[in-house]
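Student: Submitted below is the structure of interest, expressed as structure tokens.
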Amino acid sequence: MSERRGGETPRGPTLFLERQSYRRRRLSEVARLMPIFGAGLFMVPLLWPVGDESEKVQTSSAILYLFGVWGGLILAIALFGLVTRSWAKSDQREID
Amino acid sequence: MASLNLLLSVCFCYVILLFLVAFVADRLAARGRSTWLRSPLIYTLSLSIYCTAWTFYGAVGYAARSGLEFVTIYLGPTLVMIGWWWGLRKLVRIGRSHRVTSIADLLSSRYGKSNTLAIGVTILAVIGVTPYISLQLQSITLSFSIFADADPGSDDRVGATVIWVAAGLAVFAILFGTRNLDANERHHGVVMAIAIEAVVKLVALLAVGVFVVWQVSGGIEATMARIDASEIGRWQVDGGRWASITFLAAAAFVCLPRMFQVMVVENDDERHLRTAAWAFPLYLLLMSLFVVPIAAIGLELMPAGSNPDLFVLTIPLSQGREGLAMLSFLGGFSSATSMVIVAAMALSTMVSNQIVMPIWLSSQTQQASQSGDVRKIVLLSRRISIGAIMVLGVAYYEMSGGGAALASIGLISFAGIAQILPALVGGLFWRGATRLGAIAGLSVGFGIWMFSLLLPGLGSGLIPQHVMEQGLFGIAALRPHALFSITGMDPIEHCVLWSLTLNTLAFFIVSVASFPNPVERLQGAQFVNVFEHSAGPRGWTGSVAQSEDLMVMTQRILGTQDARDLFQREAALQGEYGQLPEPTPEFLERLERQLAGSVGAATAHAMIGQIVGGSSVSVQDLLAVADESAQMLEYSSQLEAQSEELSRTARKLREANEKLTQISLQKDTFLSQVSHELRTPMTSIRAFSEILRDASDLDEADKRKYATIIHDEALRLTRLLNDLLDLSVLESGQVSLNMRPGNVKDVLDHSIVSALAGADGSLDVIRDEASERIPLYSDLDRLAQVFINLITNALKYCDAGQPQLRITARTAGDNVVVDMVDNGSGIPTEAQAMVFEKFARVSAEKAGGAGLGLAICREIMQRLGGDVVYLAGQSGAGFRVTLPTKGEIKG
């Protein structure tokens, strides 16, 4: 139907990517790991001591920790969104 | 004190405002002037229906009872949003490209358009969500009752509130949720209204929080100190519950019908997820920021025994801040109403599309073609479904008595809805997931959830006491709160663990063991590899971009120049010279037709649909493509057959051509031979006639001698010409045969006499005359010619001392066979093949004739339907003449 243009790269995974594509892949990997990382941080309170009343973590500290992690994650994903804003129109397959 | 009447009128005004907003938004959307309605911000705010009255009021109550555990309800969705890149993005892409209308529709579509599955999911959703709707109604009633208690002038109008609220919400949902049948199932009015409600509830909760922290408590540090000093001042969260509720909230966030509705169905642009990914977690963070302070201060301020669920209202009221309390009430009201509206809409879509319509269509088989009616029926069934769901909610509220049992329904509902998760995630990421697997997983999970959580959770007698204590049928392993005899777990944790584990296990095992049907496999591939099958993220706006895409696609199919011409023509038709044409329906139709000429109708339709509709190829499209491909295949096989025939014909033509060339070559040879044969006698005739003319001193004897030579040569010429003439007549088939009955013996008698008459040498002819009496019907003169020729040949060429010719005749079937064998040395083997060719002579020195005799013989015999061949392996030269006794002329 249409002739192949000279510049077209063959299908299938390519071994070496341009610097930009390489960055994209690593970034999308970060994005994928983010929820797992976040879940890990949110599960840290499970390690906090239980039992003796005096050893227990104060709720104010717990609030600071949880909301701190929460805010950090929001910042991180917002940053990712900002960086990937320009991806929308360019090649999708490459980063999937 | 704020009077109940004031509250009611504010509430009424608020509702009117919502109706107006929804109405205007719908109007704007209908006119296509709704770009800002489709902003990421509105999308994010619409997601906030996750925060219902249960979270608005209940979160504080939850925190007052269990400390920070309430936050898990928000952490789950936060994690889901943060993982949007590989989770929600895919879900939204699939939902949009397959035009999914609900979560039941999505699962049904993924698993081969299974109706059973859709009905199962719908029933699960209705059972799981209806109590949740009554929870919202309860919260509204409760908040009303707070004001009613505070207002001495109020009467017992509160009891009827729930009915009125439910009716109002039903009217809203029907008005704006079922206004029309949009192919994309988008409801701008509803989305806009819930976005405003989202703002109201956030502002309300923040206002109360700010009031509590800075007004009541006196700053952040003081608040923190008061928190640490309160009952919930220490971290005392059960680890199992913490993890399982986080997980449960994440699962419910994706699977809840109302969340699916706003997140996937109402999504305008996949790119909005990018914003929502951080904005919605931020919204959740803000919503939960002041929950613990409010709870802690409430516990401190409010009298013991007061309902912590209503601290958000009662704290401002107790501090004399009626305006703030009013705002807080509106926030709670907003949370409840938006959830109920969207949930009712989503459920009604599911009920109507997955249950009512299939039943109606199957009962109306003969009139199913009336498409105009179907739209009305769908809308009607949705409206009735909304009404029915509301009635169910109210009935459930009345039945349960609105007590504490209802408060726990939030998590129970989440656990039920989460049963969809394995089938959903499996369907999105695993091509091996099958319909049977999904049904099995859902059934197992649903059953365990009902038995271990929902029925016991609803309390009062739904599960008999002895079953709770001793297990079903007295089996200890089947106790609802201690399945497999594992005791001591929190009921929620217990149910989530068992139901989801066994659900996933059943889903996996049955999927692996079963075999999906073709549609299922096709859909599976489409869903799992949606990013390869669908176009990139694209908004519904941006028609120029669409035109560009169309242009690119058309170029690939039609070629650059043709495509450019076509688009320029279209642009000119639309009055836009030098620009790309707008993708109007007419233009698209023409373009599609144009493309269909190249790639087939179904493919063209799918391709244009992919660009303009933003939707991917549906299974029907694919099947149509497959059909077309089959037709093309058939056509191409026809072409193949035709081309084969053509090549056969060409081969024949080539053969004919070769034959013609050969014949032409033969003709040339023949001509040169003839001219050679003619020249020899002519030369001698000319030479001797010149001698006779020029030499005057010739004696009589010489003259006679020369004249004789001339005469002989002239005779030879005549004979040659006669033979040639004969041969040409025979070869051209213009010979007229004189067929008549006769006898072989008579013909032989005549031939021998003719051949031997005037012969120089002697030839003994040996015959068996008795056997020669064979009757035949043929051209006897021509046959005699053949015999004479053969006998003459023997006479001429037999080199034996006593030349003999043995003639035998016999019949073989319908044929007469006459052999003539002499006793000479015969014809050399290498010459045998040539004897029947023209001008073929065995030896040059005995050139009696032109070498045409045997050629003529064969020609004659073939004409008579027989043949003459050389008999090899005889004592001398032998010829066999075969001819039919009842001859027919060969054409």
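Student: With 27 Å as the limit, write out which pairs from B:Lys796/B:Lys838; B:Lys659/B:Lys796; B:Lys113/B:Lys201; B:Lys90/B:Lys201; B:Lys745/B:Lys838; B:Lys667/B:Lys745 have Cα-Cα distances beyond it, or answer none.
Tutor: B:Lys659/B:Lys796; B:Lys113/B:Lys201; B:Lys90/B:Lys201; B:Lys745/B:Lys838; B:Lys667/B:Lys745
Student: Can I ask one more? Mind checking the mean number of beta-carbon atoms from other chains within 10 Å of the Cβ atoms in A:39-46?
Tutor: On the way: counts 10, 0, 1, 9, 5, 0, 6, 6.
Mean number of neighbouring Cβ atoms from other chains: 5.
Student: Next up: Translational diffusion coefficient, Stokes-Einstein: compute it for the stretch B:738-884 using the Kirkwood radius over C-alpha pairs as Rh, at 25 °C and 0.890 mPa s, and state it as an integer in µm² s⁻¹. Don't skip to the end; give the middle numbers.
Tutor: Numbers: Rh = 15.3 Å.
Approximately 160 µm²/s, per Stokes-Einstein.
Student: How far apart, in nanometres, would the label points at A:Thr84 and A:Ser61 be if each is projected 7 angstrom from Cα along the Cα-to-Cβ direction?
Tutor: My value for the distance between the label points is 3.6 nm.
Student: Between B:Ala222 and A:Phe37, what is the label-point separation in nm under the 7 Å Cα-to-beta-carbon projection?
Tutor: Taking the two extended label points, one gets 4.0 nm.
Student: While we're looking at this one, here's another question. Once you have the Cα-Cα distance between B:Ile384 and B:Arg740, take 0.36 nm times their residue separation minus that, and quote the gain in nm to one decimal. Before the final figure, lay out the partial values.
Tutor: Details: separation 356, 0.36 × 356 = 128.16 nm, distance 10.48 nm.
Separation in residues times 0.36 nm, less the Cα-Cα distance, equals 117.7 nm.
Student: Just tell me how shielded B:276-282 is by partners: mean number of partner chain Cβ atoms within 10 Å of each residue's Cβ, no decimals.
Tutor: Working: counts 1, 7, 10, 4, 1, 7, 6.
Average per residue, whole number: 5.
Student: Evaluate E = 1/(1 + (r/R0)^6) for B:Leu17 and B:Glu300, where r is the Cβ-Cβ distance and R0 equals 30 Å; express this FRET efficiency to the nearest 0.05. Write out the running numbers ahead of the final one.
Tutor: Values: r = 36 Å, r/R0 = 1.20.
Using R0 = 30 Å, I get an efficiency of 0.25.
Student: Follow-up question, since we're still on this one. Which order do peptides B:69-77, B:773-781 fall in by mean Cβ count within 10 Å, highest first?
Tutor: Numbers: B:69-77: 24.9, B:773-781: 17.3.
Top to bottom by mean Cβ count within 10 Å: B:69-77, B:773-781.
Student: What's the FRET efficiency of B:Lys886 with B:Leu660 using the Cβ-Cβ distance as r and R₀ = 30 Å, to the nearest 0.05?
Tutor: Details: r = 35 Å, r/R0 = 1.18.
Computed FRET efficiency for B:Lys886 and B:Leu660 comes out at 0.25.
Student: Also: For every other residue with a beta carbon closer than 15 angstrom to the beta carbon of B:Arg521, add +1 if it is Lys or Arg and -1 if Asp or Glu, then tell me the sum. All intermediate terms of the calculation are to be shown ahead of the outcome.
Tutor: Details: positive: B:Arg110, B:Lys113, B:Arg431, B:Arg435; negative: B:Glu520.
Here the charged neighbours net out to +3.
Student: Mind giving me the FRET efficiency for B:Ser771 and B:Ser825? R0 is 30 Å, r the Cβ-Cβ distance, nearest 0.05 is fine. Don't skip to the answer; put the middle values down first.
Tutor: Numbers: r = 27 Å, r/R0 = 0.91.
Calculated transfer efficiency: 0.65.
Student: Given the convex hull over the Cα atoms of the stretch B:753-833, what projected area results after averaging over all orientations, in nm²? Each step should come with its number before you reach the end.
Tutor: Values: hull surface 25.9 nm².
One quarter of the hull surface, i.e. the mean projection, equals 6.5 nm².
Student: Beta carbons within 10 angstrom, averaged per residue: use that to sort the peptides B:547-553, B:300-306, highest first.
Tutor: Numbers: B:547-553: 17.7, B:300-306: 11.1.
Going from most to least packed, we get B:547-553, B:300-306.
Student: Taking the Cα centroid of the stretch B:685-749 and of the stretch B:48-83, what is the distance between the two, rounded to the nearest whole Å?
Tutor: 129 Å
Student: Could you give the length gained by full extension between B:Val10 and B:Gln561, i.e. 0.36 nm per residue of separation minus their alpha carbon distance, to one decimal place?
Tutor: Numbers: separation 551, 0.36 × 551 = 198.36 nm, distance 6.58 nm.
Stretched fully, the B:Val10-B:Gln561 segment lengthens by 191.8 nm.
Student: Mind checking the mean number of beta-carbon atoms from other chains within 10 Å of the Cβ atoms in B:84-95? Don't skip to the end; give the middle numbers.
Tutor: Numbers: counts 6, 14, 6, 2, 0, 2, 1, 0, 0, 1, 0, 0.
The shielding value for this peptide is 3.
Student: Considering the Cα trace of the stretch B:625-726, what is its radius of gyration and what is Dmax, both in angstroms?
Tutor: Both quantities, over Cα of the stretch B:625-726: 31.5, 106 Å.
Student: A:Glu29 versus B:Gln574, label points 7 Å from Cα toward the beta carbon: distance in nm?
Tutor: 4.5 nm
Computed from the coordinates by the stated procedures, all read-outs in this text should not be read as laboratory data. Predicted model only: the values in this text are computed from it and were never measured. Virtual Cβ from ideal backbone geometry, glycine too; neighbours counted across all protein chains shown.
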